[in-house]
Amino acid sequence: MLTIGYIGNGKSTNRYHLPFVLQRENIKVKTIYQRNPDHESWERIAGVHYTSDLDELLHDKDIQLIVVCTRVDSHYEYTKLVLEHNKNCLVEKPFMETSEQAKEIFALAREKGLIVQAYQNRRFDSDFLTVQKVIEEGKLGDLLEIEMHFDYYRPEVPKAVHSFNPLESFLYAHGCHTLDQVISYFGKPDHIHYDVRQLLGQGRMNDYFDLDLYYGVLKVSVKSSYFRLKERPSFVVYGKKGCFVKETKDRQEEHLKLFYMPDHKDFGVDTIHHYGVLTYMDEEGTIHEEKVKSVNGDYGRVYDDLYHAIINGKDKTITDEQTLLQMEILETGVGNLQ
C-alpha cells in the first residue's frame, strides 16, 4: 500500500487527482492539508483526514508520498519542504518557476534517495495514445509532419490581463501539456523555432504560441491560441504514405468538469463520432480511409507508475531530463516577451 497526502484542497486536487487515486486499491489517501480552510468549497471525502497544520502532514511517518497541488509560485517552497522531511513528492505542472529551481530540486531528491516528479497526466490522453498507436502500426510510412493544437476561444482571459508575467503566460500554463507529450515520445529535438506572441500588444499576456520542434526530416508543431473561434484538429499526422486526423481531444477533462467521474465505465471514452480518420495508400497503390477506434486515456496511470517506482523500485516514467528540457523550452519561449 502506498500512503499519500496532499498539499492543497482546491480544483487540482479534487478534479484532476482524487477521482483517479480513490479508484486504486493499492493507494490510500490519508491526509489533505488545506491552506485556506475558510474557503473550503469541495465536499470532504469520507475516511480522509483534513488539517490546516502543515507539520502534521510533513511529520506523519505513514505517509510516503506528498502531492503538491498549489499555484506554481509555491511549488519550489513546498517541494523542498517535502523532500527535506524525507517524503517522495509529486508536483502539479508547471513543475517549477525556472529550470534552475528544477535542477536544485532534482539534486536534493537524488541526495536523499527520494522520488520527485511532475504530474504529466496528459501523457495518458486518449488522443495522444491513439496517435502513438497509429504511428506504430506503420501505415503512414516515414513521418514528415505532426501538428498538435490546443485551442480556445476565450478572449476575455487575455483582455483581463494588463501586465506580463511569465508564470501566467499561455505557454507556461498550456505548453507544459503538449511539450511533454512531444518530448516523451520523440525525445530531445535537433532544434526549435519559437513564435510566441502577445496578440493584444507588448506588456500584455502571452496568448498565442507556435513552436516547431525538428527531428531530422520530421517537424512537430505545437500550437495554441485564445482566439480560435473554431478549434483546429487536436492532432494531424502526415507520413509519406498517408495521414491521420484526430479532430477531438481526450474527453477526461470534459467529463470531470461535469462531475461525471471515473467510476462510470464510459468515463472519458470516445464514441465512434470522436474517432480519428486514417487515410493511406497500400503497397498496391489503393487508397484506404478508415476510422480508428480511440485508445482509452487514464490520468491515474501517473499514480500507477509512481506506485511501482516507490514500492517496487522501478524507474520513473517521467524522467528528470524530460522535465528539465521542457522547463528550458518554456523559459526560452517567453524569454523575449515583456
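Laboratory data are not the source of any read-out in this text; all were calculated from the coordinates shown. Treat the numbers as computed from the prediction; the structure is a model and nothing was measured. Don't worry about glycine lacking a Cβ; one is built from the backbone with ideal geometry, like all the others, and counts go over all protein chains shown.
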Treating only Lys and Arg (+1) and Asp and Glu (-1) as charged, each at its beta carbon, one finds that region 16-90 has a dipole about its Cα centre, in Debye to the nearest 20, of 280 debye
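Ignoring everything except DSSP H segments at least 4 long, calculate the 222 nm mean residue ellipticity for the chain; use -39,500 (n - 2.57) per segment, divide by total residues, nearest 500.
-8000 deg cm²/dmol
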Candidate cut points under trypsin sites (Lys or Arg not before Pro) in region 195-233, DSSP loop plus at most 14 other Cβ atoms within 10 Å of their own Cβ, are LYS230
Row for region 3-98, column shape: gyration tensor on C-alpha, a ≥ b ≥ c, rounded if a/c < 1.5 i.e. under 1.5, prolate if a/b over b/c, else oblate; value rounded
Counting only residues 5 or more apart in sequence or on a different chain, those whose built amide H sits under 5 Å from that of ARG35 are GLY8, ASN9
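Taking the Cα centre of the chain as the origin, how large is its charge dipole in debye, to the nearest 20, when only Lys and Arg (+1) and Asp and Glu (-1) carry charge on their Cβ atoms?
That gives the chain a dipole magnitude of about 360 debye.
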Evaluated at 4 °C and 1.567 mPa s, the Stokes-Einstein D of region 70-149 based on the Kirkwood radius over Cα pairs, in µm²/s, stands at 87 µm²/s
XL table LYS159/LYS246; LYS139/LYS219; LYS80/LYS249; LYS103/LYS246; Cα-Cα > 24 Å flagged, in table order, is LYS159/LYS246; LYS80/LYS249; LYS103/LYS246
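Quick check: from the Cα gyration tensor, does region 75-212 come out rounded (a/c under 1.5), prolate or oblate? Don't skip to the answer; put the middle values down first.
Numbers: a/c = 2.17, a/b = 1.12, b/c = 1.94.
Because a/c hits 1.5 or more and a/b fails to exceed b/c, region 75-212 counts as oblate.
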Along the dipole axis of region 251-338 (charges at Cβ: +1 for Lys and Arg, -1 for Asp and Glu; origin at the Cα centre), the most positive-end residue among ILE329, HIS288, VAL302 is VAL302
Applying the span-like rule to the chain (DSSP H, Cα extent along axis at least 18 Å, Kyte-Doolittle mean at least -1.0) gives 99-112, 320-334
By the Cα gyration tensor axes a ≥ b ≥ c (a/c under 1.5 gives rounded; else a/b larger than b/c gives prolate, otherwise oblate), the shape of the chain is prolate
For the chain, the charge dipole (Cβ of Lys, Arg +1; Cβ of Asp, Glu -1; about the Cα centre) points to a positive end, and the Cα of GLY242, SER224, PRO189 closest to that extreme belongs to SER224
Placing +1 on each Lys and Arg Cβ and -1 on each Asp and Glu Cβ in the chain, then taking the dipole about the Cα centre, the residue among PHE209, PRO233, LEU22 whose Cα reaches farthest towards the positive end is LEU22
With +1 at each Lys and Arg Cβ and -1 at each Asp and Glu Cβ, the charge dipole magnitude of region 6-47 around its Cα centre, to the nearest 20 debye, comes out at 140 debye
